[in-house]
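Participant: Input: one structure, supplied below.
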Amino acid sequence: MSAPYEETTEGKVYTVSGNDWTELVATLSGQQDEQLVVNMGPQHPSTHGVLRLILNLDGETVTEARTAIGYLHTGIEKTCEYRTWTQGTTLVTRMDYLSPIFNETAYCMAVEKLLGITEQIPERAQAIRVMMMELTRISSHMVAIGTFGMELGATTPFLFGTRERELVLDVMEYITGLRMNFAYVRPGGVSVDLPAGAVDKVGELLKEMPKRIKDMRKLLDANPVYLARTKDVAYLDLTGCMALGITGPMLRAAGLPWDLRKSQPYCGYETYDFEVATQKTADVYGRYLVRMTEMEESLKIVEQALDRLAGPLKGQRVMVDDKKIGWPAQLALGPDGYGNSPDHIAHIMGGSMEALIHHFKLVTEGFRVPAGQAYASVEGPRGELGAHVVSDGGTKPYRVHFRDPSFTNLQAVPATCEGGMVADVISAVASIDPVMGGVDR
Amino acid sequence: MSTDNLPGVPEEPIARLGMFGAQDSGDTSGYGGLVVRRAPRLSTPRPYGGYFDTVADELERALGGDLADAVERVVVDRGELTFHVKRERLLEVLRHLRDDPALRFELSLGVSGVHYPHLEGEELHAVYHLCSITHNRRLRVEVSCPDTDRHIPSSVSIYPTHDWHERETWDFFGIIFDGHPALTRIMMPDDWDGHPQRKDYPLGGIPVDYRGAEIPPPDQRRSYK
């Protein structure tokens, strides 16, 4: 039996689809000198979504690794140009689907910069943003570490990771009404204040999560199999990171404590007490440790934000005072999630014609943003997430571009994989933690 | 009557009339006569404030000549510094920005394209966001090229991270980055026609019949502008 093949100008191309490895091996025996080009993905469970890797193999060694992306391109940046500034949050939240709040915050910060209202965002809105971002960071890192375990063949970290993420998602659902794609952060603040009981919910999470993180650490920190698969694998030093524009845990695992929350604070991060996690090993294990420490630091930030929200910031507004910008976002928690508040509907439909006109104009037409361009960035779970937003003075963005960290960091695949073993490609890609929704946008 | 305290009459070209973008029939909104003019082109005189002056001074020193020879315009807007660099001097400017100890913009956050069809002779812009970790500063470098000659030198040799970013900008805007190691499409399929993020590229969609009326595709509908 021989595996089916085609003669091409590049040589013989074998098509294997699983279950026929014995045939392939039989056919290829005696041809060890030939280099083997393996196409991995885009539909492969360990390529983090629809990532395609083209690997040149010499035995078990990768001589060349190339990345092909674009399989999840959805044209969000283009679509933004046909929707109002506020509707933009609904679109950008879907880019990097593991860190929706970060996308929204970066976008809204850029819009606020264009509007010139950065200083007017209420403190309570900023504290809510910080709390939501840090919760999202925990859930994102949990998925990163969990899927990483599964890709190496260990299912328990994945079960732990998704279970812990569920805890965060429950809180997010309680606060925003949705589990993903929140569109919660809006230009000017956030769409709705924390519902009654949210502080307790987050408090419970804060009590539970440290134990869960400890469990994960017990499972992986000193696990000999895990160490063998991660230590000294996919080494990328600081010079490499700088040249390739790599930010986030990968950069911090190379020893540079560069974190926008500390170095160029936004949303009031300068008032929170936390440490920037670093490692000096510049390998996969270092990136794992950085992520673990970051989750622990995130919990500290959430705790501080929660204290403020329950204490000094209680009862403050969550949207700018400017009625021309802040949406009449009087929403209420209904049986099926968030919806219009009955009081607000009674007011605009039965009470005030002017309120109805204002509501209608602001929701259908939207507000105008003075012409110009702005760049705003936040420290996402994967690195610097930047939004370059251009306005021509209209009710819709002229151009929205996202500098997604996954997109840039994926360029490190050849640098980290070439010369290594083919099995380490999986570790390398997983330690980059690319989210294809963000890469392809 | 003195006219000193009256605002100047805007001389910028007209961007659009009316409010809904209605061209096929009368505009019944009452805003049919509304004239919206283009935003003026900004050019900020010195001093720029903050560290912006230092960056400009140091770049001028590093270039060894007048800053205006390489930088067409300097814009300080919304707390951000932008250098509009001549495209033939782009690589030189970027190299100094990266290597000069007083500048040290080691980290580039990539390339973003913008298409301004109304700016004749500089329709396509490539925007580079640079960050200096050493000095904790940010800077935006902007280069333009005419639509008839869509070439900008590739900066991959200076910032290797621009590899994919320039491919993306080529894919979406059709800017050819001369000297790029492999300028191929990255998001769209290899055989795709056109460059989708350009303003002259339609959003797509088909007209839909609804109860006897025809609803045009999204980018041809009447909507607030």
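Participant: Just need the relative contact order of chain A here, percent rounded to a whole number, with Cα pairs under 8 Å and 6+ apart.
Facilitator: Normalised by residue count, the contact order of chain A is 24 percent.
Participant: If you don't mind, another one. For segment A:215-273, max minus min Cα coordinate along each principal axis, in Å, sorted largest first?
Facilitator: Extents along the principal axes, in whole Å: 41, 33, 13.
Participant: Tell me the relative contact order for chain B as a rounded percent, counting alpha carbon contacts under 8 Å between residues six or more apart.
Facilitator: Value for chain B: 14 percent.
Participant: Shielding of A:394-403 by partners, i.e. mean partner chain Cβ atoms within 10 Å per residue?
Facilitator: 5
Participant: Between A:211, A:280, A:324, find the one with the highest GNM mean-square fluctuation for chain A; connect C-alpha pairs within less than 10 Å.
Facilitator: Top of the fluctuation ranking is A:211.
Participant: Calculate the radius of gyration of the Cα atoms of segment A:382-441 to one decimal place, then report Dmax, the largest Cα-Cα distance, as a whole number, both in Å.
Facilitator: 15.9, 53
Participant: On to the next question. Quick one: Debye curve from the C-alpha atoms of segment A:131-192, no solvent, what's log10 I(q)/I(0) at q = 0.16, 0.19, 0.22, 0.29 Å⁻¹?
Facilitator: Results for segment A:131-192 at q = 0.16, 0.19, 0.22, 0.29 Å⁻¹ read -0.54, -0.69, -0.83, -1.13.
Participant: Mind grabbing the interface size between A and B? I mean buried accessible area, both sides, 1.4 Å probe, in Å² to the nearest hundred.
Facilitator: It comes to approximately 4300 Å² buried between A and B.
Participant: Let me ask something additional. Counting only the heavy atoms of the protein chains, how much of residue A:317 is accessible to a 1.4 Å probe, in Å² to the nearest 10?
Facilitator: 110
Participant: Can you tell me which aspartates and glutamates have their Cα less than 13 Å from the Cα of residue A:231? Leave out same-chain residues fewer than eight positions away.
Facilitator: Of all the aspartates and glutamates, those that pass the test against residue A:231 - Cα under 13 Å, at least 8 places apart if same chain - are A:221, A:283, A:424.
Participant: With only alpha-carbon pairs counted, each pair once and no self-pairs, how large is the Kirkwood hydrodynamic radius of segment B:76-210 in angstroms?
Facilitator: Evaluated over segment B:76-210, this radius sits at 15.9 Å.
Participant: OK, next. For segment A:391-441 and segment B:30-64, compute the distance between their C-alpha centroids and round to whole Å.
Facilitator: Here the answer is 32 Å between Cα centres.
Participant: Let me ask another. Out of A:53, A:24, A:219, any idea which swings most in a Gaussian network model of chain A, alpha carbons joined below 10 Å?
Facilitator: Fluctuation is largest for A:24.
Participant: Ignoring ligands, DNA and RNA, what percent of the accessible area of chain B is carbon or sulfur (1.4 Å)?
Facilitator: Ligands and nucleic acids excluded, carbon and sulfur reach 52 percent.
Participant: Which far-off residues, 5 or more places away or on another chain, put their amide H under 5 Å from the one on residue A:419, with H placed in the peptide plane?
Facilitator: Correct list: A:62, A:63.
Participant: For segment B:44-114, rounded, prolate or oblate, judged on the Cα gyration tensor with a ≥ b ≥ c (square roots of eigenvalues), a/c < 1.5 rounded, else prolate if a/b > b/c?
Facilitator: Rounded, since a/c falls under 1.5.
Participant: Between their Cα atoms, which of A:113/A:361; A:262/A:314; A:78/A:396; A:201/A:314 are more than 19 Å away from each other?
Facilitator: A:113/A:361; A:262/A:314
Participant: Could you tell me whether segment A:34-87 comes out rounded, prolate or oblate from its Cα gyration tensor? Rule is a ≥ b ≥ c as square roots of the eigenvalues, rounded for a/c under 1.5, then prolate if a/b exceeds b/c, otherwise oblate.
Facilitator: In terms of gyration-tensor shape, prolate.
Participant: Given R₀ = 60 Å, what would the calculated FRET efficiency be for residue A:271 paired with residue A:26, taking r from the Cβ atoms and rounding to 0.05?
Facilitator: Once rounded, the FRET efficiency stands at 0.35.
Participant: Using the Kirkwood radius built from alpha carbon pairs, what does the Stokes-Einstein equation give as D for segment A:252-362 at 25 °C and 0.890 mPa s, in µm² per second?
Facilitator: Translational diffusion coefficient: 136 µm²/s.
Participant: Can you tell me the relative contact order of segment A:208-309? Whole percent, Cα pairs under 8 Å, sequence separation 6 or more.
Facilitator: 31
Participant: Same structure, new question: What order do B:191, B:171 take when sorted by accessible area (1.4 Å probe), most exposed first?
Facilitator: B:191, B:171
Participant: Further question on the same structure: How large is log10 of I(q)/I(0) for segment A:101-140 at q = 0.24, 0.25, 0.30 Å⁻¹ when the intensity is taken from the Debye formula with one equal scatterer per alpha-carbon?
Facilitator: -0.80, -0.85, -1.03
Participant: Quick one: grab the alpha carbon gyration tensor of segment A:131-244, order the square roots of its eigenvalues as a ≥ b ≥ c, and give me rounded if a/c is under 1.5, else prolate or oblate depending on whether a/b is larger than b/c.
Facilitator: Taking the square roots of the gyration eigenvalues as a ≥ b ≥ c, segment A:131-244 is oblate.
Participant: Follow-up question, since we're still on this one. Enumerate the residues in segment A:35-73 having an amide nitrogen under 15 Å from the point lying 7 Å beyond the Cα of residue A:8 toward its Cβ.
Facilitator: A:35-42, A:53-57, A:66, A:68
Participant: Which longest uninterrupted range of chain A lacks any GluC sites (Glu not before Pro) assigned by DSSP to a loop state (not H, G, I, E or B) and surrounded by at most 13 other Cβ atoms within 10 Å?
Facilitator: Counting only loop sites that pass the neighbour cut-off, the longest clear stretch is A:61-274.
Participant: Could you identify which residue out of B:92, B:80, B:72 has the top mean-square fluctuation in a GNM of chain B using Cα springs shorter than 10 Å?
Facilitator: Sorting by GNM fluctuation, first place goes to B:80.
Participant: Residues in segment A:390-415 near a label at residue A:120, defined as backbone nitrogen under 18 Å from the 7 Å Cα→Cβ point?
Facilitator: A:393-395
Participant: Write down the Kirkwood hydrodynamic radius of chain A, to one decimal in angstroms, obtained as one divided by the mean of 1/r over all alpha carbon pairs.
Facilitator: By the Kirkwood definition, the hydrodynamic radius is 23.4 Å.
Participant: Further, regarding this structure: How charged is the neighbourhood of residue B:118? Take every other residue with its Cβ under 11 Å from the Cβ of residue B:118, and add Lys/Arg as +1 and Asp/Glu as -1.
Facilitator: Combined, the nearby Lys, Arg, Asp and Glu give -2.
Participant: Which listed residue (A:250, A:422, A:400) has the Cα farthest towards the positive end of the charge dipole for the protein assembly as shown, taking +1 on Lys and Arg C-beta and -1 on Asp and Glu C-beta about the Cα centre?
Facilitator: It is A:400, whose Cα lies furthest towards the positive end.
Participant: Right, something else. What does the structure give for A:364-376 when I average, per residue, the other chain Cβ atoms found within 10 Å of the residue Cβ?
Facilitator: 4
Participant: Measuring from label point to label point, each 7 Å out along Cα→Cβ, what is the residue B:86 to residue A:196 span in nm?
Facilitator: Placing both labels 7 Å along Cα→Cβ, they lie 6.9 nm apart.
Participant: Taking only protein heavy atoms into account and a 1.4 Å probe, give the accessible area per residue of the protein assembly as shown in Å².
Facilitator: That works out to 43 Å² per residue.
The values are calculated or read from the model by the stated rules, or taken from the named source; none is laboratory data. On a predicted model such as this, the values are computed, not experimentally measured, just so you know. No Cβ is skipped: glycine too gets one built from the backbone with ideal geometry, and neighbour counts run over all protein chains shown. Keep in mind that these areas ignore ligands, DNA and RNA; they rest on the heavy atoms of the full protein, side chains included. Shrake-Rupley method; radii C 1.70, N 1.55, O 1.52, S 1.80 Å.
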